[in-house]
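Participant: Take a look at this one; I'll ask things after.
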Amino acid sequence: MNAERLDFRFEGGVVSGVAGQSIGSALHAAGVRVLSSSFKYRRPRGLYCVAGACPNCAVRVDGLPGVPACVTPLRGGEIVERDRRSSVMDPVPDRISRWVPAGFYYHRLPRRPWLWLRTERVLARIAAAGRLPDPDAAAALLDGGFEERRVEVVVVGAGSAGLDAAAGAARAGSSVLVLERDHQPGGFLLSEPGGATRAGELVTAATGAGAELMLGATALGWFEEGLLAVATRSGLIALEPGRLVLATGSYERGLPFADGDRPGVMLAAGAQRMLVRDGVRPGGRIVVITDEPYGHAAAALLHGAGIDVSVVDRRPADAAHADAVDAGVPVLAGRTIAAAHGRRSVEAISVVGPNGRSRLPCDAVAIAVGRRPADELLLERLYAGSVILETAPERPPGVEVAGER
Amino acid sequence: MPIPGVARGGLRRTYDVVIVGGGIQGLALAYELSARGLRDICVLEAGYPGCGASGRNGELVRSAFSSVEWATFFDASLRRWRDLSVELGFNVLFTPAGYLVLASTQEELDRCRGFAARHRDLGLVTELLGDREVRELAPALNPELVAGGVYQPDGGFAHHDAAVWAYARAAARRGVEVHPFTRVTGIRTDGGRVLGVGTTRGEISTPVVVDAAGGHARDVAGMAGVPLPTTTHRLEAIVTESLAPFLRPALATLHLLGYCHQTTRGELVGGTEQNVMEPATSLNGSLRGLRDMAQKFVRLIPQLAGVRLLRHWAGIVDVTADLAPVLGPVPELEGFFLDCGWVYGFMGAPAAGSLLAEAIDSGNVPELIAPFSIERLRAGDYIRESSLVVTLGDA
Ligand SMILES: Cc1cc2nc3c(=O)[nH]c(=O)nc-3n(C[C@H](O)[C@H](O)[C@H](O)COP(=O)(O)OP(=O)(O)OC[C@H]3O[C@@H](n4cnc5c(N)ncnc54)[C@H](O)[C@@H]3O)c2cc1C
Ligand code: FES
């Protein structure tokens, strides 16, 4: 890439990235792994989904907290900070964590109310460490507008399914608006080589047929007024869709294991997106954990970028080897990950199998164990008003579901 | 964490007392009845304990109300909250961080002055604060909205789920059966007496039925042929992401019709009312409500602009014309008791539970709850309370 270089400030120092990258990828390229910390115990957290769908990469940008670094494009000149200090920098919460296991305060403290009153103050200092926005940044937001709009067809999600549906509806003569949370259209296409080009073609087809594409626009929820609320950088839009097409795609699944939240442990499509979309290598030595063919494809892609990659496949050897794509990538079959190691970010993992436990050094882990549908908006619409889910509801008229789930 | 205190076994055919509704009211009453030595009590809950307003409220606790009826009753409750964790053996996370009724105009401050004087007469510990003192107490508040207020140092907030669990567990330990996913579908009566209830899991005989069905209380009373003069309303609330401590006391704003507090975990939890509270039984959040809350809280605490919300939800309450609860027997139907009409039913639960248990057990209605009878509503003899931040529009 010989794109324009952009400088920004991170925790007092200057970091430089490349135009088109996200803040998160630029920080990753500069060696920053810890972006935020967990609630209460303040465990270090970093890029995980690289899709704007988890809380792990929230940073403070120009005085506003909670900005997802992985999907926020780098503009240059911004001031980026961590919002909370993690236990790596401030080890107290982690040290006291063995005295304060989850839910301890319900059972240990009732007999000593005075102790709760004191603990409560201490906990508030430790757990609740997010900072309020800077007053100037907060004041500037108050100009945000509110707009109500009626559109014949609203498509949520500008992945291949959404863009295709939008083109079709626009060709059929409807007014069409496509909403995309990311600053770039394409969805999962952006994790694939050539995907951005393909996304560009789909966008041309859709907009050429008359559809409008809105980027950086998050569909927040479906409300009982029959309105879809959309948050954009400039304010809130309440859309009244004639027909609603949900093409929100899917989320990658995670995998629970000890210290599985260490920075460096990522979801595979996220690691791919970082490499393909932003030109940043997720690590120099990556282990892909999988039980799906796409894990092997991800490994081949990462290996093709010159990264040292190996695959741990949870399935038996025959299935695992049948899916292997790249002969240069070693495959450990019938094994799975038991733990991540490293204080600040992952330095090695433990792998267990029938022959016991072994340690693999690595600086990143990519998890490829399947996807689940991103169906919150659909569920909100389906279960509107129900309290107890006794029966499966029917799909209401005017709601379509597009794409692979 | 599984909900403590929930019965796994089958329903029996007869009970001495059947309580309809496993919210904090029904559970506190069950606990208090069993503490008085009554046996064979069951709580029938259509969903799971706490799935109604009890698990959806703003968790605030105060007794600094303007009327004698409200102030004395809720003060009895506040005194119970202080030691509730010890009594129930489970931390309800009651935090006496103080409670501020905020006045933003001179007229509101005059109102506050009036009820602070009454608090002195009633022996409640509250202080009338001027604008400077309120700004010191809560520096995050928009100074334009600060004229003064009434401050109750030992008011505060508790954790709504913990309180529901604590009561359910303590009741179950005394032998109360709490049956989840058991909806009451009918009430059998004969000759002015209660005989039993029909449920989605079969018939039950009982001489005593208590309507503690929250937002569905009118429907349940209707099953017994008792017309309940209430309307069902939706209240909505929001919670922000966790932030370092910036607001110590719980507060209610008379001007914005809102209430909020910052939890120990650092989230701001609160809700607002719009000027006209329309009847609604929906549990959906509305965009109207969300915008109202976001705009008012940003006005109240300007630095909240740009803070992200974690959740937004709604709950329903069945309210009376004077917004006060209905507590006690129904004269024309022996064995039928009301524990409903609650808008402040979280903070009121400890006192309501024990006083109504006394009424059921002894047959005499204690003085503190006597004003909250159904007769007052039938006679149109309403209680006048002017420190509420919910409104029916004409109040
Ligand atoms: C957003 C919001 C904020 C609030 N803020 C506060 C506050 O700060 N302080 C405060 O004191 N109060 C507050 N309240 C009010 C408070 O939550 C209620 O008054 C209180 O929870 C009422 O308790 P309950 O047990 O009567 O009702 P609920 O908790 O609603 O319980 C009633 C139960 O009855 C069950 N039920 C209904 N019909 C049947 C049937 N036929 N058979 C069996 N079970 C049935 C329901 O499933 C429900 O669980 C707030 C309420 C809301 C919604
Ligand atoms: S939201 Fe950025 S890594 Fe998940």
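The values are calculated or read from the model by the stated rules, or taken from the named source; none is laboratory data. Everything numeric here is computed off the predicted structure, so don't read it as measured data. Counting neighbours? That spans all protein chains shown, and the Cβs are built from the backbone with ideal geometry, glycine included. Keep in mind that these areas ignore ligands, DNA and RNA; they rest on the heavy atoms of the full protein, side chains included. Shrake-Rupley method; radii C 1.70, N 1.55, O 1.52, S 1.80 Å.
Participant: HN-Hα J couplings of the stretch B:51-60 from phi, Karplus 6.51/-1.76/1.60, θ = phi - 60°, integer Hz, Gly and Pro as x?
Facilitator: Ordered by residue, 3J(HN,Hα) equals 6, x, 4, 5, x, 10, 9, x, 6, 7 Hz.
Participant: Continuing with this model, one more query. Compare A:T119, A:T204, A:T218 in a GNM of chain A, Cα atoms joined below 10 Å, and give the one with the largest fluctuation.
Facilitator: Of the options given, A:T119 has the highest mean-square fluctuation.
Participant: Another question, then. Only loop residues by DSSP count here, and only those with at most 11 other Cβ atoms within 10 Å; note down the GluC sites (Glu not before Pro) in the stretch B:350-380 that meet that.
Facilitator: Here the GluC sites (Glu not before Pro) that fit, given the DSSP loop and packing criteria, are B:E367.
Participant: Rank A:L141, A:V154, A:L190 by how far each Cα sits towards the positive end of the charge dipole of the stretch A:137-204 (+1 on Lys, Arg Cβ; -1 on Asp, Glu Cβ) and give me just the farthest.
Facilitator: Of A:L141, A:V154, A:L190, it is A:V154.
Participant: Over the stretch B:73-133, what number does the Rg to Rh ratio reach, with both radii from the alpha-carbon atoms and Rh per Kirkwood? Intermediate results must be reported in sequence, preceding the final value.
Facilitator: Numbers: Rg = 14.8 Å, Rh = 13.6 Å.
My calculation of the ratio gives 1.08.
Participant: At 222 nm, what value in deg cm²/dmol follows for the protein assembly as shown if DSSP H runs of at least 4 each add -39500 (n - 2.57) and the sum is divided by all its residues, to the nearest 500? Provide the component values of the computation, followed by the final result.
Facilitator: Numbers: 20 runs with 213 residues, N = 800.
Using -39500 (n - 2.57) per qualifying helix, the result is -8000 deg cm²/dmol.
Participant: Apply the Karplus curve 6.51 cos²θ - 1.76 cosθ + 1.60, θ = phi - 60°, to the phi angles in the stretch A:167-172 and return the couplings in whole Hz, x for Gly and Pro.
Facilitator: Ordered by residue, 3J(HN,Hα) equals 4, x, 5, 5, 4, 6 Hz.
Participant: Roughly what % antiparallel, to the nearest 5, for the DSSP beta bridges in the protein assembly as shown? It would help to have the intermediate numbers written out before the result.
Facilitator: Numbers: 86 of 148 bridges.
Of those bridges, close to 60 percent are antiparallel.
Participant: Hey, another quick one. Counting only DSSP beta bridges with both residues in chain B, what percent are antiparallel, rounded to the nearest 5?
Facilitator: Details: 48 of 68 bridges.
Looking only at bridges with both residues in chain B, the antiparallel portion is about 70 percent.
Participant: Rounded, prolate or oblate for chain A? Axes are the square roots of the Cα gyration tensor eigenvalues, ordered a ≥ b ≥ c, and the cut-off for rounded is a/c under 1.5. Please list the in-between numbers first.
Facilitator: On the way: a/c = 1.43, a/b = 1.15, b/c = 1.25.
It comes out rounded by the Cα gyration axes.
Participant: Compute the accessible area per residue over the stretch B:149-256, keeping the other protein chains in place, probe 1.4 Å, unit Å².
Facilitator: Numbers: 3450 Å² over 108 residues.
Per-residue value: 32 Å².
Participant: Tell me which trypsin sites (Lys or Arg not before Pro) from the stretch A:200-308 have a DSSP coil assignment and no more than 15 other beta carbons within 10 Å of their own.
Facilitator: Values: sites: A:R233, A:R243, A:R253, A:R273, A:R277, A:R285; in loops: A:R233, A:R253.
When the trypsin sites (Lys or Arg not before Pro) of the stretch A:200-308 are filtered for loop state and at most 15 Cβ neighbours within 10 Å, A:R233, A:R253 remain.
Participant: By average Cβ neighbour count within 10 Å, what is the ranking of B:311-320, B:186-195 from highest down?
Facilitator: Numbers: B:311-320: 21.1, B:186-195: 14.9.
Going from most to least packed, we get B:311-320, B:186-195.
Participant: So, one more: Can you compute the charge dipole magnitude of the protein assembly as shown about its Cα centre, using +1 on each Lys and Arg Cβ and -1 on each Asp and Glu Cβ, nothing else charged? Give it in debye, rounded to the nearest 20. Show your work: numbers first, answer last.
Facilitator: Details: 82 positive and 88 negative charges, 537 e Å.
Roughly 2580 debye, rounded to the nearest 20.
Participant: What's the center-to-center distance, using Cα atoms, between the stretch B:100-124 and the stretch A:219-290 in Å?
Facilitator: 50
Participant: Roughly how crowded by other chains is peptide B:157-168, in terms of the mean Cβ count from those chains within 10 Å of each of its Cβ atoms? The partial results should precede the final answer.
Facilitator: Working: counts 0, 0, 2, 0, 1, 4, 0, 0, 1, 2, 0, 0.
Per residue, the number of nearby Cβ atoms from other chains is 1 on average.
Participant: Can you list residues from other chains, or at least 5 along the same chain, whose modelled amide H is less than 5 Å from the amide H of A:A338?
Facilitator: Those lying under 5 Å, H to H, from A:A338 are A:S350, A:V351, A:V352.
Participant: Sticking with this structure for a sec: Which order, highest average first, do B:43-53, A:320-330 follow once you tally other Cβ atoms within 10 Å for each residue and take the mean per peptide? Walk me through the numbers on the way to the answer.
Facilitator: Numbers: B:43-53: 24.5, A:320-330: 15.4.
Going by the mean number of other Cβ atoms within 10 Å, highest first, we get B:43-53, A:320-330.
Participant: Moving to a separate point now. Give the long-range amide H neighbours of A:V288: residues separated by 5 or more places, or on another chain, with amide H under 5 Å away, using H modelled in the peptide plane at 1.01 Å from N.
Facilitator: A:S310, A:V311, A:V312, A:A366
Participant: If you take the charge dipole of chain A about its Cα centre, with +1 on Lys and Arg Cβ and -1 on Asp and Glu Cβ, which of A:Y294, A:V34, A:V15 is farthest toward its positive end?
Facilitator: A:V34
Participant: Find, to one decimal place in angstroms, the Kirkwood hydrodynamic radius of chain B, where the mean of 1/r is taken over every pair of different Cα atoms and then inverted. Please list the in-between numbers first.
Facilitator: On the way: mean 1/r = 0.0473 Å⁻¹.
Value: 21.1 Å, from the Cα pair sum.
Participant: Would you list the P(r) distribution for the protein assembly as shown, with all Cα-Cα distances sorted into 20 Å bins from 0 and each bin expressed as a whole %?
Facilitator: With 20 Å bins starting at 0, P(r) equals 15, 42, 34, 10, 0.
Participant: Once you charge only the Cβ atoms, +1 for Lys and Arg and -1 for Asp and Glu, what is the size of the charge dipole of the stretch B:246-304 about its Cα centre, to the nearest 20 debye?
Facilitator: Details: 6 positive and 4 negative charges, 39 e Å.
Around 180 debye, computed over the stretch B:246-304.
Participant: Pull up the DSSP beta bridges for chain A and report the antiparallel fraction as a percent, rounded to 5.
Facilitator: Values: 38 of 80 bridges.
Just about 50 percent of them are antiparallel.
Participant: Long-range amide H contacts for B:G186: which residues qualify at under 5 Å (H placed 1.01 Å from N, peptide plane, sequence gap of 5 or more or a different chain)?
Facilitator: B:G198
Participant: Can I ask one more? Got a sec to turn the phi values of the stretch B:200-206 into Karplus ³J(HN,Hα) couplings, 6.51 cos²θ - 1.76 cosθ + 1.60 with θ = phi - 60°, whole Hz, x for Gly and Pro?
Facilitator: 5, 10, x, 8, 9, 9, 6
Participant: Please name which of B:P229, B:L93, B:G149 has its Cα lying farthest along the dipole of chain B towards the positive end, using unit charges on Cβ (Lys, Arg +1; Asp, Glu -1) and the Cα centre as origin.
Facilitator: B:L93
Participant: Further question: In debye to the nearest 20, how big a dipole does the stretch A:252-371 give about its Cα centre with +1 on each Lys and Arg Cβ and -1 on each Asp and Glu Cβ? Show your work: numbers first, answer last.
Facilitator: Working: 14 positive and 13 negative charges, 64 e Å.
Result for the stretch A:252-371 is approximately 300 debye, rounded to the nearest 20.
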